[in-house]
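Trainee: Following this message is one structure expressed as structure tokens.
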Amino acid sequence: MKRVLIITYYWPPSGGSGVQRWVKFAKYLPQEGWTPVIYTPRNPELLVEDDCLESEIPEQAEILKTTIFEPYGIYHMLFGKKKEVNPINSQKKSLKQKIALYIRSNVFVPDPRIHWVRPSAHYLKRYLKKHPVDVIISTGPPHSMHLIAQRVSRSTGIPWIADFRDPWTKMFYFKDLNLSKRNEKKHYALEQSVLDDADIVVSVSPLVQNDFAQMTDTPVELITNGFDEEDFSMKVSSNGLFNIVHTGFLASDGNPVMLWRVLSLMCRKYPEFQKKLCIRLVGKTDVEIIDSLYEYGLEKNYLDVGYKSHMEANCEQLAATMLIMPLRKAPEYRKTLPGKIFEYLASKRPVLGIGQEDGAAAKILRQTGSGVMYDWNNEEGISLFLENEWALFQSGQEDRRGGDIQAYSRRFLTGKLVRLMDALIEK
């Protein structure tokens, strides 16, 4: 068996899409003749936990762990926070969060895991002398993972693939980091060195792929996120309600106010609709979203389900009457493909996207016939979609969606990754 070293910060028992991407690759790599060797922190910051993902790790996988210095531990001691420690994601920042953001941005470049780079590179170089691998893969963010791989690849000559689950300096929140000019330049320099030194760069979105391709002569390949067929084999029963479901993080800067307005109008127009409507928010939801639901009189029609395991979230999607996917309003977000979109496709439920109508996510929905994307203010389009789904629901019909989506299956995507690795070592 060939061997691949995968350097990742996110690994079970951590939950979230960043974990799912590489757990799923690891799951299917042995079937393609590759043994995954995972290098990950022993004591990472666990924002969410998902024990069910540990069962996905194949027995052939080798797991390497070392201790990481976590500056967020200091944040907890100073500010008393337990979970929501990332001040970047907050729209309305307190003074404490502003201070934390400045420190996070300007003391730790490119990210708070920078102090794990040197000891990790030293550890891995010693390990690889006795346990060689054929390829190194780093996945970021955090982009410090790429800096570890860069050092190891330079020292050993082992070919290296840099996997970008998100952009770096073109990430939508980069402009909000409150960076000094010196540290901003440092980010650009580090990003460029990673792009140029890697043997292959991988992006999860075609528009981000184009951005990277314009920045470097290194080949930039597209391997999107995806879905695992085995995660959608369960049977779910209907509760008889018109369930509008959102899974994952619902951010305040993507608050679908027009959707809430249209739903409020339909509740007044159709008394039966008001009785049947259930807006199920599965995952973390910003408080501004809940405030809007109250503002539009929908406080009795929503359920804040909270964080659920990956499998539980999939069950919520399968039981939905329809799914919603509001995107953030930052212009850069049109290039992004949220990880949830592919599992939305696999659920075969109709998807109402709210965001950039010319973006990457809109194109996927159109190509697969899984749904539509309307601008945040497109009241007519949103109303038409909801009226149609309500009419089908009343008639007892189930709106099953989705065309050919096999190109987004985890098994197919792993095969694509393997072809890249095989080509690298053949060189």
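Trainee: What's the number of the only condition in (1) closer than 18 Å to R165 by Cβ; (2) part of a strand (DSSP E or B) that K65 fails to meet?
Mentor: (1)
Trainee: Please enumerate the residues belonging to segment 43-65 that are at pLDDT 95 or above and touching a strand residue (DSSP E or B) at 6+ places or on another chain (Cβ under 7 Å).
Mentor: Correct list: Q60, A61, E62, I63, L64, K65.
Trainee: Something else about it: With a cut-off of at least 1 residues that are among the hydroxyl-bearing types (S, T, Y) and out of contact with any Ser or Thr (no Cβ under 7 Å at 6 or more places or on another chain), name the strands (runs of 3 or more DSSP E) lying wholly within segment 322-386.
Mentor: 371-374
Trainee: Note down all Cβ pairs under 8 Å where the first residue falls in segment 288-303 and is touching a residue at least 24 places away in the same chain (Cβ under 8 Å) and under 22 Å from A320 (Cα atoms), the second is among the β-branched types (V, I, T) and not in a helix (DSSP H, G or I), and they're at least six residues apart or on different chains.
Mentor: Short answer, once both residue conditions are applied: L293/I279; L298/I279; N301/I279; Y302/I279; L303/I279.
Trainee: Do we have K340 as within 26 Å of S203 (Cβ to Cβ), touching a residue at least 12 places away in the same chain (Cβ under 8 Å) and surrounded by fewer than 18 Cβ atoms within 10 Å (Cβ to Cβ) here?
Mentor: no
Trainee: All but one of (1) assigned to a helix (DSSP H, G or I); (2) more than 22 Å from the chain's Cα centre (by Cα) hold for C278; which doesn't?
Mentor: The number of the failed condition is (1).
Trainee: Check V152, V194, V201, V208 and return the single one that is crowded, with 19+ Cβ neighbours inside 10 Å and outside any helix (DSSP H, G or I).
Mentor: Unique residue meeting the criteria: V201.
Trainee: Just a yes or no: is a residue in segment 215-232 part of a helix (DSSP H, G or I), over 18 Å from the mean Cα position of the chain (by Cα) and buried (at least 19 other Cβ atoms within 10 Å of the Cβ)?
Mentor: No - not one qualifying residue is present in segment 215-232.
Trainee: Then there's this: For segment 394-405, which positions are surrounded by 11 or more Cβ atoms within 10 Å (Cβ to Cβ) and either within 31 Å of the chain's Cα centre (by Cα) or outside any helix (DSSP H, G or I) (or both)?
Mentor: If the condition is that a residue be surrounded by 11 or more Cβ atoms within 10 Å (Cβ to Cβ) and either within 31 Å of the chain's Cα centre (by Cα) or outside any helix (DSSP H, G or I) (or both), then E398, D399, R401, G402, I405 are the ones that fit.
Trainee: Based on this model, can you work out whether I290 counts as surrounded by 15 or more Cβ atoms within 10 Å (Cβ to Cβ), hydrophobic (A, V, I, L, M, F, W, C) and more than 27 Å from L345 (Cβ to Cβ)?
Mentor: Working: surrounded by 15 or more Cβ atoms within 10 Å (Cβ to Cβ): yes; hydrophobic (A, V, I, L, M, F, W, C): yes; more than 27 Å from L345 (Cβ to Cβ): yes.
Answer is yes for this residue.
Trainee: Turning to a different aspect of this structure: Can you tell me which residue within segment 155-191, out of those that are charged (D, E, K, R) and either assigned to a helix (DSSP H, G or I) or outside the structural domain of K416 (by TED's automatic domain parsing) (or both), is modelled with the lowest pLDDT?
Mentor: D176
Trainee: Follow-up. Is one or more of the residues making up segment 11-32 at positive phi and at pLDDT below 85?
Mentor: yes
Trainee: I want to confirm something. Restricting to segment 245-275 and keeping residues that are within 21 Å of the chain's Cα centre (by Cα) and of a type in the set (A, V, I, L, M, F, W, C), which single residue is surrounded by the fewest Cβ atoms within 10 Å (Cβ to Cβ)?
Mentor: Filtering first and then ranking leaves F249.
Trainee: Hey, another quick one. Among P41, P36, which is the only one that is crowded, with 17+ Cβ neighbours inside 10 Å, more than 17 Å from the chain's Cα centre (by Cα) and farther than 18 Å from H143 by Cα?
Mentor: P36
Trainee: Can you find even one residue in segment 298-310 that is of a type in the set (K, R), farther than 23 Å from L53 by Cα and modelled with pLDDT of 95 or more? Write out each step before concluding.
Mentor: Going through segment 298-310, the residues of a type in the set (K, R) turn out to be 300, 308.
Next, from what is left, pick out any that are farther than 23 Å from L53 by Cα: 300.
Those left that are additionally modelled with pLDDT of 95 or more: 300.
Among the residues of segment 298-310, at least one is of a type in the set (K, R), farther than 23 Å from L53 by Cα and modelled with pLDDT of 95 or more, which makes the answer yes.
The values are calculated or read from the model by the stated rules, or taken from the named source; none is laboratory data. None of these values were measured; they are calculated from a predicted model. We place every Cβ from the backbone using ideal geometry, glycine too, and count neighbours over all the protein chains shown.
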